[in-house]
1. I'd like the Karplus ³J(HN,Hα) series for the range 260-270: coefficients 6.51, -1.76, 1.60, θ = phi - 60°, whole numbers in Hz, and an x wherever there's a Gly or Pro.
2. Using only the Cα atoms of the range 200-348, build the gyration tensor, take square roots of its eigenvalues as a ≥ b ≥ c, and label the shape rounded, prolate or oblate: rounded if a/c is under 1.5, else prolate if a/b is larger than b/c, else oblate.
3. Using amide H atoms built in the peptide plane, which far-off residues or other-chain residues are under 5 Å from F224 H to H?
4. Place the peptides 225-232, 324-331 in order of packing, highest mean first, counting for every residue the other Cβ atoms within 10 Å and averaging per peptide.
5. Under the Karplus relation 6.51 cos²θ - 1.76 cosθ + 1.60, θ = phi - 60°, what is the ordered set of whole-Hz ³J(HN,Hα) values for the range 335-351, x standing for Gly and Pro?
6. Enumerate the amide H contacts of F304 below 5 Å, restricted to partners 5 or more residues apart or on another chain; note that Pro and chain-start residues carry no placed amide H.
7. Can you tell me the order of 24-35, 252-263 when each peptide is scored by its average per-residue count of other Cβ atoms within 10 angstrom, highest first?
8. Between Q99 and residues 5 or more places away or on another chain, which pairs have amide H atoms under 5 Å apart, with H built 1.01 Å from N, and which residues are they?
Amino acid sequence: MQHNILNELRTPVFLINELNNVIYINEIGEEFFGVSSNIIIGKKINEFIPNDSPVLNLIHRVRKNKVGITEESLDFSNVNFPNRKVRAHIVPLSFDNSQIVVQISQLALSEMFQSQRINSKISKSFSSMVDMLMHELKNPLAGIKGASQLIESDLKENSNFFELTQLISIECDRIEILLNRMEQISNNNIKLEYESLNIHEILNHCIRVAENSFGADINFVSEFDPSLPRLFANKNLLIQIVINLLKNAAEASQNKGNIKVKTSFNSNKITSFGIEDIPTPLPLQIEIIDFGIGIPNNLISNIFDPFVSSKKEGKGLGLSVVASGLEEMGAVIDVSSNPGFTVFCINFPVRKS
C-alpha cells in the first residue's frame with residue numbers, strides 16, 4: 001500500500017531497511033539514479049553513491065535519533081550523475097523505524113544562483129528612481145511623524161491611543177531606514193548592522209502592526225518557545241521580512257480566520273553554504289502558518305523567484321525580497337502548502353556576534 005503512495009510522488013523517493021539495502025524506489029527515482037528498480041532493489045545504497053557522501057551520515061543520524069532531517073543543499077552525486085545538488089527529506093517510517101524514506105529534489109547550480117543574478121538586475125534597474133523616491137517619500141513621512149507626535153502629547157492619558165501613536169512613530173522610523181537602505185543599494189554601498197535581538201519582541205511588534213492594518217479581522221495565535229536564545233540579525237530587515245510574510249498569510253486567508261506564529265528550537269535543521277559545503281546548524285525556527293487557499297503546485301517550487309506570484313495583481317517581488325534578505329543574514333526559508341494549510345518556515349543560526 002505504502003509503495004503505491006510513494007510511487008505517486010513526483011520527486012525521487014527510495015526506501016531502505018536496517019541494513020541500508022534499497023527495498024523500494026519509485027519510477028522517478030529510477031530516472032534519478034539512471035538504473036532500473038530490478039538492479040537497485042536489494043543492493044546497499046552505498047553501491048550507488050560514494051561512501052563519503054553526507055547522505056549516509058544523515059541516514060545514520062535519522063536511524064539513531066528516530067527523527068527526520070531536512071537538508072537544503074546536499075551533495076548527492078553518484079557514478080552516473082556527478083556534481084548534483086539536492087534538497088533531501090530523510091525520515092523514518094512511522095510504523096517501522098528501522099526503515100528510512102529518502103525523498104529528494106534536484107537543484108541545478110544555475111537555479112541556485114539564478115535568483116541572486118535576477119535580484120542584482122532588479123536593484124540596478126531601480127537605482128535611477130531612488131533619488132526621486134527619497135525626496136518624494138521622506139517629506140510626507142516627516143509630516144506624518146510630526147502629526148503623530150502632536151497627537152501623542154494630547155493622548156498620554158489614553159493608553160490605547162497613546163500606544164497607536166507610538167506605533168506610527170516607530171513605523172515611520174522604520175520606513176526612513178528602509179529608504180536609506182534603498183539609497184545604499186543604488187550606490188552599491190550597503191552594509192547591514194547586526195544586533196542581539198529577542199525574537200519574540202520582534203514578532204509581537206509585527207503582529208501588533210498587522211492587527212492595526214491589513215490583519216484587523218485576523219486572529220493571530222502565538223506559540224512561542226520562551227527558552228530560545230537571542231537572535232543575531234538586522235532588526236529592521238527582520239521586521240520587514242516578518243510583516244511581508246504575515247501580509248501574504250492574511251491575503252491567503254482572505255483576511256479572516258487564524259494565523260499562527262510559532263517559534264521552536266529545531267536541532268535537526270542543517271544546511272550547507274558556499275562551495276565548501278560545510279554543514280551549518282540552523283536551529284532557531286520561526287513558522288508562519290495560515291489556513292487559507294494555499295499556493296498552486298505549479299508555482300510553489302519557484303515562489304521565491306522575482307515576478308512569480310499567485311495573486312492577480314501581484315508583482316511577485318515580496319517573497320523574492322524575503323528570500324534575499326534572509327540570505328544576507330545567513331538564514332534559509334522553506335515553504336510547504338496544501339489547500340487549507342501553508343507553512344513558511346525560517347531557520348537562523350545561533351550566533352553571539
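All of the numbers you see were taken from the coordinates with simple rules; none came from a lab. Values in this document were obtained by computation on a predicted structure and should not be read as measured data. Cβ atoms come from the backbone with ideal geometry, glycine included; neighbour counts cover every protein chain shown.
1. Running phi through 6.51 cos²θ - 1.76 cosθ + 1.60 with θ = phi - 60° gives 9, 10, 10, 10, 7, 10, 10, 6, 8, 7, 9 Hz.
2. On the way: a/c = 1.66, a/b = 1.21, b/c = 1.38.
It comes out oblate by the Cα gyration axes.
3. T263
4. On the way: 225-232: 14.5, 324-331: 18.0.
Sorting 225-232, 324-331 by mean packing, highest first, produces 324-331, 225-232.
5. 9, 10, 8, 9, x, x, 6, 9, 10, 9, 10, 10, 10, 10, x, 8, 9
6. Long-range HN contacts for F304: none found.
7. Working: 24-35: 18.7, 252-263: 16.9.
Output ranking for 24-35, 252-263: 24-35, 252-263.
8. Here the answer is L93, since their amide H atoms fall under 5 Å of that of Q99.
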